[in-house]
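Q: First the structure, which I've put down as structure tokens, then a few questions once you've had a look.
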Amino acid sequence: MEQQNNYFNQQQGSSQQMYQQQSYPYSPQGSAGLGIASMVLGIVALVFSCCLYYVSLPCAIVGLILGGVSLSKKKPGKGMAVAGLVCSIVSLVPTIIIISAGASLWAEIQSMMLICL
């Protein structure tokens, strides 16, 4: 009987070692979620930068913030964070041009209406 208990304890100990030594693909340091979110928001901002500035501008700003946080905290997904930053910055250029052109056009229309009246 003692031999069986000894054998059982050895088996249980080896199975515990197996579980302790097994490595998982999960990284406890964090995931690439911020980089992915930055990239997705940068692409969305880039797609909508010429037509829907009210969607593009918030997406670009949030994409810039998430990409910067991801790079500063040295999280995984550095390439995606850089892509998100680049897409967000590039999408801001046409968005700002369209907003300023629209504001200028609106001011010109208002001044023309005042002259006519």
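Read the figures in this text as sums done on the coordinates, not as results from a lab. Only a predicted model underlies this, so the values are computations on that prediction, with no experimental measurement involved. In this analysis, Cβ positions are derived from the backbone assuming ideal geometry, glycine residues included, and neighbour counts consider all displayed protein chains.
Q: Go through 93-101, 38-46 and give me the packing order, highest mean Cβ count within 10 Å leading.
A: 38-46, 93-101
Q: If you average 1/r over every pair of different alpha-carbon atoms in region 32-116 and take one over that average, what Kirkwood value in Å do you get?
A: Kirkwood hydrodynamic radius for region 32-116: 13.4 Å.
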